[in-house]
1. For K156 and K61, what does the FRET efficiency come to when R0 = 22 Å and r is the distance between their Cβ atoms, rounded to the nearest 0.05?
2. Using Cα centres only, tell me the gap between segment 35-103 and segment 134-179 in whole Å.
3. Pick out, in residue order, every one of the trypsin sites (Lys or Arg not before Pro) in segment 68-139 that is DSSP loop and has at most 11 other C-beta atoms within 10 Å; say none if there are none.
4. Taking the Cβ-Cβ separation of M176 and L49 as r and a Förster radius of 45 Å, what is the calculated FRET efficiency to the nearest 0.05?
5. Show the residues, 5+ positions off or on another chain, whose built amide H is closer than 5 Å to the amide H of T81.
6. Using a probe radius of 1.4 Å on heavy atoms only, what accessible surface per residue do you get for segment 58-147? Whole Å² is fine.
7. In the neighborhood of L42, defined by Cβ-to-Cβ distances under 15 Å, what is the net charge if each Lys or Arg adds +1 and each Asp or Glu adds -1?
Amino acid sequence: MAMASLKHSKTPPSSNNPSMAEKTFTSLGNLIRLLPTGTVFLYQFANPLLTNGGHCTITNKILSGLLISFCGLSCFFSTFTDSYTDKDGNTHYGFATFKGFWPCYSDSISVDFSTYKLQVGDFVHAFLSLIVFGVVSLLDSDTVECFYPSFESTQKVLLMTLPPIIGSVAGVVFVMFPNKRHGIGYPTTQANSSTNED
């Protein structure tokens with residue numbers, strides 16, 4: 001009993017109630033899961049270099065703007081990619097189209113490619129991933145210092161409020177339009193071939 005009370009006295013009282021910063025970073029982490037990992041890695045790696053740590057010239061602004069545009073388009077278009085596993089266990093990637101899956105591999109006759117058709121939810125996910133990437137990239141400290149340095153004091157308020165709001169909206173949207181695709185840059189599962197056959 002004495003040991004239990006001693007353990008409780010050593011733990012800081014804030015450990016039971018996460019701080020606002022912890023909640024914000026948790027929300028931001030949950031938002032980032034909605035994005036393709038390769039795109040997020042590219043942005044996280046290249047943005048500090050291209051923005052010169054937030055001390056930008058015109059060239060840095062152009063290059064950083066191109067990076068943000070490229071990564072945003074990558075997030076948008078990667079939501080239209082999907083994959084399946086053939087009978088030999090090989091994973092094949094392609095694009096979902098209005099007719100099915102492209103490119104279709106002739107040796108994968110056992111897969112019904114018509115189940116991979118584009119649906120309304122795919123477009124909702126594409127726009128949502130673009131919005132999420134926009135929030136993540138435009139609230140990045142290097143981007144803020146580079147493009148709108150006077151905004152830095154407001155950034156903290158937005159960083160605390162915007163991710164939970166976007167996360168809540170994204171959660172509701174994903175309940176309404178569940179994502180069944182396992183495209184390029186997104187985590188795969190063992191049962192890719194049966195994912196879209198529901």
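1. Between K156 and K61 the formula returns 0.45.
2. Going from one Cα centre to the other spans 18 Å.
3. K87
4. Computed FRET efficiency for M176 and L49 comes out at 0.70.
5. A96, I184
6. On the way: 4530 Å² over 90 residues.
For segment 58-147, the per-residue accessible area is 50 Å².
7. Here the count lands on -2.
The values are calculated or read from the model by the stated rules, or taken from the named source; none is laboratory data. All of these numbers come straight from a predicted model, not from anything done at the bench. Glycine also receives a Cβ, built like all others from the backbone with ideal geometry; neighbour counts cover every protein chain displayed. Side chains are part of the model used for accessible areas, which takes the heavy atoms of the whole protein and leaves out ligands, DNA and RNA. Shrake-Rupley method; radii C 1.70, N 1.55, O 1.52, S 1.80 Å.
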